[in-house]
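Here's the structure, in structure tokens; my notes come after.
The values are calculated or read from the model by the stated rules, or taken from the named source; none is laboratory data. Please read these numbers as outputs of a predicted model, since none were measured by experiment. No Cβ is skipped: glycine too gets one built from the backbone with ideal geometry, and neighbour counts run over all protein chains shown. For the accessible areas, the whole protein counts, side chains as well, though only heavy atoms, and no ligand, DNA or RNA atoms are used. Shrake-Rupley method; radii C 1.70, N 1.55, O 1.52, S 1.80 Å.
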Amino acid sequence: MDLDRSQIKSKAAAACGWNFIVLMSRQGKIRLSEFFSSYTDSQKKRITRDIAADVLPRQAKMCNIIEKGEYKFVYRRYASLYFVVGCPVEMNELIVLEQIHLFVEALDGYFNSVCELDLVFSLHKSLMILFEMFIGGMLCESNRREVLQQIVEAEEMVESMTKPGEDVSSQLDDGLSFQEQFQLGRKPGARGPRGNR
């Protein structure tokens, strides 16, 4: 089988990063989801349904890898949360499991023993940690201390820019989607002194 250089490069590029990550509770509630590849809303809903149908009912002793067409689910359960990553079929599953564990360690370091409520009430901070570590689904920073240092510096910068008595949460929400703002309990589109749009 003859493959030209462009096909080899595209396969190698596709096999080096995550397509998506979904954090789901045992009850099937999505606590965090981020799609690094472009998917339509119906594809995203199908993926989350597949996760709920395929991953949640599995026994603890079963394999942590489920192949699903062009990608595979690699998951790990921590307490009551499933960390499910969708990655290309060519990607090494053991590396993905280590990357999931690294992300959980970073969350643990920031929240001091992370729990499901930390993710629910501090979604923006969880996403900041995720985006500090992974860019486009590829691991870019593996040093947990460096990641946490960058998050602390960003928070200090936001605090230094705010006036006394001003709500800092609206500034932190500027980078969040409407769905993420809704999950935080804030009204999407309400920014600054103008109020609702």
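Surface composition of the range 26-87: carbon and sulfur atoms hold 46% of the protein heavy-atom accessible area at a 1.4 Å probe.
Pairs of alpha carbons in the range 54-119 separated by more than 17 Å make up 44% of all such pairs. In the context of the full set of protein chains, residues of the range 115-167 present 61 Å² of accessible surface per residue (probe radius 1.4 Å, heavy atoms only). Residue pairs exceeding 18 angstrom between C-alpha atoms, taken from Lys44/Lys72; Lys45/Lys72; Lys29/Lys72; Lys29/Lys61: Lys29/Lys72; Lys29/Lys61.
For the range 84-152, give the magnitude of the charge dipole about the Cα centre (Cβ charges: +1 Lys/Arg, -1 Asp/Glu; no others), in debye to the nearest 20. Don't skip to the answer; put the middle values down first.
On the way: 3 positive and 10 negative charges, 41 e Å.
My answer is approximately 200 debye.
How many Å² of accessible area per residue for the range 18-93, probe 1.4 Å?
Values: 3840 Å² over 76 residues.
Spelled out: the 1.4 Å probe surface of the range 18-93, per residue, equals 51 Å².
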